[in-house]
Amino acid sequence: MGRLIVISNRVSVPSAAGAAGAQGGLAVALNSALREHGGIWFGWSGQETEEFTGHLDMQRNEGVTTATIDLEAQDVEEYYNGYANRTLWPLFHYRIDLTEYDRNFGEGYERVNERFADSVYPLIADDDLVWVHDYHLLPLGSILRRKGIKNRIGLFLHTPWPPTRLLASLPFHERLVASMLEYDVIGLQTTEWLESFLHYVQKEMGLTVNLDNSIEYQGRRVIARAFPIGIDYAEFSQAAKSEVAKEAHQRLRDSVRGRKILIGVDRLDYSKGLGERFESFSRFLSDHPDMAGKAVLLQIAPPSRGDVESYQQIREDLERKTGHINGAHANVDFVPIRYVNRGYPRAELAGFYRAANVGLVTPLRDGMNLVAKEYVAAQDPEDPGVLILSQFAGAATQLKDALLVNPHSVEHVAETISRALDMPLKERKRRHAALLASVKEMDVLHWLKQYVLALSGVEKGSSALKSD
Ligand code: ADP
């Protein structure tokens, strides 16, 4: 088979820092696939330019070639801050109250997708597999087709797929979804999102879906399938045993002086349910006076998408809420919520996860949620912590031995926190062993292999990727 051409909004350049564990599992996995197959990772540089030139900045690092383009300020505003993050992201996370329908955003999105296609087109050779990622680039495959690209082209969507009636609120939704049917493979995270997608193409477009979930469209067969993404288990469990992780673990443990630790790690995003989580922890403290001063919630939440108003709003809301809850429950030597707006190297993060008695992963809606899997991978199997997981995260379809909660129900989450903190070692070990088996087996390499097999059109069982 040919090379891989990976296309995503941003590229993650492999570097010595990456090797030391600063990159996320997806970036590490895509980089290793690119190293193995050869190929190019294409995307936006993150830089703005006065006038779009389409100039490709090609670099080769650690055996991987990346190609990036700069975008104009107006592109960034309308495509990235606009259609991607003010329209599609909230809509795909069921937040039509936050969804902005602005014609300029739609035009900017189309324009940038055209610019991506124009720029990547000359890089694609005849038998390359083209793999497009995420909601920023849904129409890209159809534009490449229009330019005459005959290669196999696939899409993987990292977010949820919304119910048909919500999607129908988007102007020109038919055109957007029709453009997606130019892909050969459409990958979603879970069967729930897959079913929503298939419901849309049946009900809104009147298309036939075959028993194997393939879709008949204009004389072609489009494969739609769930490919649940995982973490790089080997890398992350290694990181959790490193000296850096041990030091981080010790530092956190020492700082709480014998108290129980609950941990949350999320980008600061309204989809993550942080406000509800803080309320639930506060309710737990109110309902269990015996626990006063005995449990700490460490919430690590680096800000993201700060140019978008709804993100500024959620940041302010959380600051207010944290102040309020801490004011109500703190003591001279104790603050219940430690709210930290910064990122940490992965090994340090792994140490914090391992030190925590409870992992609180309570998004209101999430395509998958990798933090839940990282928390499981980082635990000591002989004395593991308990994962509390939202039933609305894609990960809940796999991690059934977590304590599944409705994140909107403050009472339910508060009671579940109490149950998690009281859970006997035997039950913690049993649940953790089952969770770990799933995290290990369905890791990012498994995901990659399954997707590339489907994209290359090779039957199940034969090998498009070199075997391990
Ligand atoms: P999303 O893709 O919506 O941000 P995921 O849970 O799927 O949510 O992935 C988040 C990734 O970002 C995880 O790998 C997590 O470890 C990482 N991450 C989140 N917050 C931090 C942080 N403060 N420091 C380092 N990594 C973080």
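Using only Cα atoms, what is the ratio of the radius of gyration of the range 241-296 to 2.2 N^0.38 Å?
1.39
Can you list the HN-Hα couplings for the range 29-38, worked out from phi with the Karplus curve (6.51, -1.76, 1.60; θ = phi - 60°), rounded to whole Hz and with x for Gly and Pro?
5, 5, 5, 6, 5, 5, 5, 6, 8, x
Just to be sure I understand: of the beta bridges DSSP finds with both ends in the chain, what percent are antiparallel, rounded to 5?
Taking every DSSP beta bridge within the chain, about 20 percent pair in antiparallel fashion.
Taking the number of other C-beta atoms within 10 Å as the exposure measure, put Leu98, Leu140 in order starting with the fewest.
Leu98, Leu140
Any idea how far the Cα center of the range 382-404 sits from the one of the range 211-263, in Å?
12 Å
Sort all Cα-Cα distances of the range 164-257 into consecutive 5 angstrom bins from zero, then give the percent of pairs in each bin up to the one containing the longest distance.
2, 11, 17, 16, 11, 6, 5, 6, 7, 9, 7, 3, 1, 0
At what distance in nm do the modelled label points of Thr191 and Gln312 sit from each other, each positioned 7 Å from its Cα along Cα→Cβ?
Between Thr191 and Gln312, the label points sit 4.4 nm apart.
Given that compact globular proteins tend to follow 2.2 N^0.38 Å, what is the ratio of the alpha-carbon Rg of the range 4-226 to that value?
Cα Rg divided by the expected 2.2 N^0.38 Å: 1.01.
Name the residues whose placed amide hydrogens come within less than 5 Å of the amide hydrogen of Gly2, ignoring near sequence neighbours (fewer than 5 apart) on the same chain.
Those qualifying (amide H under 5 Å, at least 5 residues apart or on another chain) are Leu129.
Order of 297-304, 58-65 by packing, highest average Cβ count within 10 Å first?
Ranked by mean Cβ neighbours within 10 Å, highest first: 297-304, 58-65.
The range 108-223: Rg/Rh from Cα coordinates, Kirkwood Rh?
With Rg and the Kirkwood Rh in hand, the quotient comes to 0.95.
Sequence gap at least 6, Cα distance under 8 Å: using those rules, report the relative contact order of the range 4-226 to the nearest whole percent.
Once normalised by length, the contact order is 16 percent.
Projected onto the charge dipole of the chain (+1 at Lys/Arg Cβ, -1 at Asp/Glu Cβ, origin at the Cα centre), which of Val332, Tyr311, Asn61 gives the Cα projection farthest towards the positive end?
Checking the options against the dipole of the chain, the answer is Val332.
Given Lys203/Lys449; Lys321/Lys400; Lys272/Lys400; Lys246/Lys429, which pairs have Cα atoms separated by over 29 Å?
From the list (Lys203/Lys449; Lys321/Lys400; Lys272/Lys400; Lys246/Lys429), the Cα-Cα distance tops 29 Å for Lys203/Lys449; Lys321/Lys400.
What ranking, highest mean first, results for peptides 326-332, 280-286 when packing means the other Cβ atoms within 10 Å averaged over each residue?
280-286, 326-332
In whole percent, what relative contact order does the chain give with Cα contacts below 8 Å and a gap of six or more residues?
Averaging sequence separation for qualifying contacts and normalising by length gives 14 percent for the chain.
Counting only residues 5 or more places away or on other chains, whose amide H sits under 5 Å from the amide H of Val296 once H atoms are built in the peptide plane?
Excluding prolines and chain starts, which carry no amide H, the hits are Lys260, Ile261, Leu262.
So if we plug the beta-carbon distance of Arg175 and Asp212 into 1/(1 + (r/R0)^6) with R0 = 22 Å, what FRET efficiency do we get, rounded to 0.05?
Computed FRET efficiency for Arg175 and Asp212: 0.25.
With equal scatterers on the alpha carbons only and no solvent term, can you work out the Debye log10 of I(q)/I(0) for the range 270-319 at 0.13, 0.15, 0.31 1/Å?
These q points yield log10 I(q)/I(0) values of -0.39, -0.50, -1.23.
Could you work out the mean projected area of the convex hull around the alpha carbons of the chain, in square nanometres to one decimal?
Mean shadow area of the hull around the Cα atoms is 22.1 nm².
Non-local amide H neighbours of Asn61 (under 5 Å, H modeled in plane, Pro and chain starts lacking H): which ones?
HN-HN under 5 Å from Asn61: Thr66.
By how many degrees, between 0 and 90 and to the nearest 10, does the Cα long axis of helix 309-329 differ from the longest principal axis of the chain?
10 degrees
Give the relative contact order (percent, whole number) for the range 233-441; include only Cα pairs under 8 Å separated by 6+ residues.
Relative contact order of the range 233-441: 26 percent.
I'd like the Karplus ³J(HN,Hα) series for the range 94-110: coefficients 6.51, -1.76, 1.60, θ = phi - 60°, whole numbers in Hz, and an x wherever there's a Gly or Pro.
Once θ is set to phi - 60°, the couplings for the range 94-110 become 6, 10, 5, 5, 9, 7, 9, 10, 10, 4, 5, 4, x, 5, x, 4, 4 Hz.
Given the range 121-169, what whole percent of its Cα pairs are spread farther than 14 Å?
So the portion of pairs separated by more than 14 Å is 57 percent.
How are the alpha carbon pair distances in the range 233-441 distributed across 10 Å bins from zero to the largest one, expressed in percent?
Here the calculated profile for the range 233-441 is 9, 37, 40, 14, 1.
Could you tell me which residue out of Tyr217, Leu435, Tyr80 lies farthest along the dipole of the chain toward its positive end? Charges go on the beta carbon: Lys and Arg +1, Asp and Glu -1, centred on the Cα centre.
Of the candidates, Leu435 comes out farthest on the positive side.
Work out Dmax and Rg for the range 319-468 from the C-alpha atoms and quote the Rg first, both in angstrom.
My reading of the Cα-based Rg and Dmax gives 18.4, 64 Å.
Using only Cα atoms and rounding to the nearest 10 degrees, what angle (0 to 90) does helix 425-441 make with the longest principal axis of the chain?
With both axes taken from Cα atoms, the answer is about 10 degrees.
Ranking Phe156, Phe116, Phe52 by Cβ neighbours within 10 Å, fewest first, what do you get?
Taking fewest neighbouring Cβ atoms as first place, the list is Phe52, Phe156, Phe116.
Restricting to DSSP H runs of at least four residues, report the calculated mean residue ellipticity at 222 nm for the chain, -39500 (n - 2.57) per run over all residues, nearest 500 deg cm²/dmol.
-12500 deg cm²/dmol
Compute the distance from the alpha-carbon center of the range 156-192 to that of the range 37-97, in whole Å.
Their Cα centres are 20 Å away from one another.
Assuming R0 = 35 Å, can you tell me the calculated FRET efficiency for the pair Glu319 and Arg60, based on Cβ-Cβ distance, to the nearest 0.05?
0.20
Starting from the Cα coordinates of the range 202-323, work out the convex hull volume and express it per residue in Å³.
It comes to 235 Å³ per residue, whole-number rounded.
Counting DSSP beta bridges in the range 193-335, what percent are antiparallel, to the nearest 5?
Given both bridge residues lie in the range 193-335, the antiparallel proportion sits at roughly 45 percent.
Compute the separation of the alpha-carbon centres of the range 327-380 and the range 267-294 and state it in Å as a whole number.
Each part reduced to its Cα centre gives a spacing of 12 Å.
Mind checking Rg over Rh on the range 1-130, alpha carbons, Kirkwood formula for Rh?
Dividing the radius of gyration by the Kirkwood radius yields 1.01.
Taking neighbour Cβ counts within 10 Å as the exposure measure, how do Leu170, Leu370, Leu448 sort from fewest upward?
Neighbour counts put them in this order, fewest first: Leu170, Leu448, Leu370.
What's the magnitude of the charge dipole for the range 4-226 around its Cα centre, counting Lys and Arg as +1 and Asp and Glu as -1 at the beta-carbon? Answer in Debye, nearest 20.
660 debye
Taken together, the values in this text are just the output of simple stated rules run on the coordinates, not laboratory data. Quick caveat, the model's predicted, so the values are computed rather than measured. Every residue, glycine among them, receives a Cβ derived from its backbone with ideal geometry; neighbour counts consider all protein chains shown.
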